[in-house]
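Coordinate-derived values only; no laboratory data. From a predicted model like this one, the values you see are computed outputs, not experimental measurements. Cβ sites come from the backbone with ideal geometry, for glycine too, and all protein chains shown count toward neighbours.
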Amino acid sequence: MKGPLQPVLSSMTWTPDEDTLAFLRLVALQNAVEYNGEAVAGSVVGRIMGMRADLRPHGRELAAAVAAAVTEANAFVAEQGLEAAQQELAAMAPELLEARPKAERRVGLPDLEDAVEGKVVLRFAPNPNGPLSFGHARGLVINGAYAERYKGTLILRFDDTDTVVKPPMPEAYDTIQQETEWLLGRPADRVIIASDRIDVYHEHATSMIEQGFGYVCTCSAEAFREFRVTQTECPCRGKSTDEHTTRWQGMLGGAYKPGEAVVRVKTGMDQRNPALRDWPALRLQDTVTNPHPRPEVGSKHQVWPLLDFQSAIEDHLQGVTHIIRGKDLMDSTRKQTLLYEHFGWTYPNTMYWGRVKVHEWGGFSTSAMRKDIESGRYEGWSDPRLPTLSALARRGIQPSALRAFWLELAITQKDISVPLSSLFSHNTKAVDSTAPRLAFVRDAVRMPLTGAPDEATLVRYPDQPDKDPRRHDLTTGHVWIEEEDASMASFRLKDLVDVDRHEDTLIAGAIERQDQRPIVHWTVDASKDATLVLAEDDMLHEISGRLEPHDFPAGTVVQLERIGYAILLEDGRLLMAHE
């Protein structure tokens, strides 16, 4: 292949040498020794990347080898025992044994504090301004796993009260419910749409004002910012309950314009954290010129709750017992706890996690992706370059792999940076035994072959060698191989024969492999022209080749020999999943 695709092909065809494979096996064994035969691919990948900078550009290519090494290491411990594994590591790489003499890993998710089986209630609360992304999957998987463990309830709540900064996308409501069922294997136990419940939030705002711990502030944003900095109460705060009730009715009745009035929670201007000082709970929105995208809501309301207020009220009303959220939302917990104290409620148990950054993706937000899709930069939400669940599913990533990835990372407040190969290693485990093997020959050239059998029988499923074997007619006396491979003087046609090249003809030799000549994949004359689509470096690359005959339907995940895993598309092309 020439031109701009050459770097892509170079990346795809890089394979670890024997020394690297030996290194992977040793690090996997080290991990298995540390954790009593429970090595995990993600941990091994992270350690490898930390120890060998030269391997960092090849994370994708290493995924399958690491997964195999981890399986082998865990099997070694299971079959021969931990002591034998320690002895093996001591003999082969004592420095690895000495580097981490003892370690403890909490396997899986920690127990929930004060959890009572059958009474645990958790919620996953996305903003429906687009479908779910890879990052959303964390909250869905973790909350779903806890709900299952404790035979509890999982609520899917749409926090859709921001029609300005993050306007909801009408189709996202159904899409997210479908993606929830795809990822968890079941629907949420309960679905709540915040924009259907504005009257409920208004009722609690009324109660808050009548009880004297809420008030309507008509100060400008700039003026209140100064009050917050100087820890000075604004003039509105001390007015009577009757005055604030009148102002509140004025907000509901249209007496104020957006920006002219806001409902605040009395928390005290002496709070050490400025964000907690009389924080805003409800504000006015211009829903006449900018109605809510859901037609049943539209311009029905002008007073809308801010997220901290809406979420706090809803968590109480739905009986949420545990909240798991990012550590960047600790201020939200503090704000809401102060509100709960006013109402006399008990705040849910709360756990936090740090950020997870995937090396290859950098920063993607739903809002930014939506703009790029609308501008035509991406084909849609399932564009394989995007980190959305629909894009990952289109690439052949299994929901079980996503669940395993997030459960392996579990919950930690540390910020984590991981390679995409960690996810791919889980997907390899999920699909390897069921993915049929096929040959896709890039830059295919047709070569005469003499002295070979008239028929070839190849394994389709290595774990079940007798299942649905691949039978190919070779009586045409030709095979297709990659142009780069055709330049070699001798090699082995995979699972067929050793060959030597004489001028432009391949001369078949031994059926059984006789030496260490390179192994080359190939296909027959009955193969068809095909295109492999590769998403890399925010680009889509199309690679032409010949695909082995098959009758698998679109949506089948296959393993392309010497290349990696791909999924068959409706239009006949293949989309690369990962190597």
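Listed peptides 29-35, 297-303 appear in the order 29-35, 297-303 once ranked by packing, highest mean of other Cβ atoms within 10 Å at the front.
Exceedance of the 20 Å cut-off in Cα-Cα distance is limited, within the set Lys151/Lys429; Lys151/Lys327; Lys257/Lys335; Lys166/Lys371; Lys300/Lys371; Lys335/Lys414, to Lys151/Lys429; Lys151/Lys327; Lys257/Lys335; Lys300/Lys371; Lys335/Lys414. The tail of the calculated P(r) for the range 357-431, taken as Cα-Cα distances beyond 21 Å, holds 33 percent of the pairs. Calculated on C-alpha atoms, the gyration radius of the range 437-578 divided by its Kirkwood radius gives an Rg/Rh of 0.97. The distance linking the range 384-420 with the range 131-171 is 15 Å (Cα centroid to Cα centroid, whole angstrom).
Can you give the angle from 0 to 90° between the axis of helix 134-149 and the longest principal axis of the chain, with both taken from C-alpha atoms, to the nearest 10? For 134-149 against the chain, the angle is about 80 degrees.
Each 5 Å bin from zero holds the following percent of Cα-Cα pairs in the range 271-400: 2, 8, 12, 12, 14, 15, 18, 12, 6, 2, 0. Note on Lys528: aspartates and glutamates with a C-alpha under 19 Å away, same-chain residues under 8 apart excluded, are Asp443, Glu455, Asp473, Glu482, Glu483, Glu542, Glu548, Asp551, Glu561, Glu570, Asp571.
Relative to the Cα centre, the charge distribution of the chain, modelled as +1 at Lys and Arg Cβ and -1 at Asp and Glu Cβ, gives a dipole magnitude of about 1980 debye.
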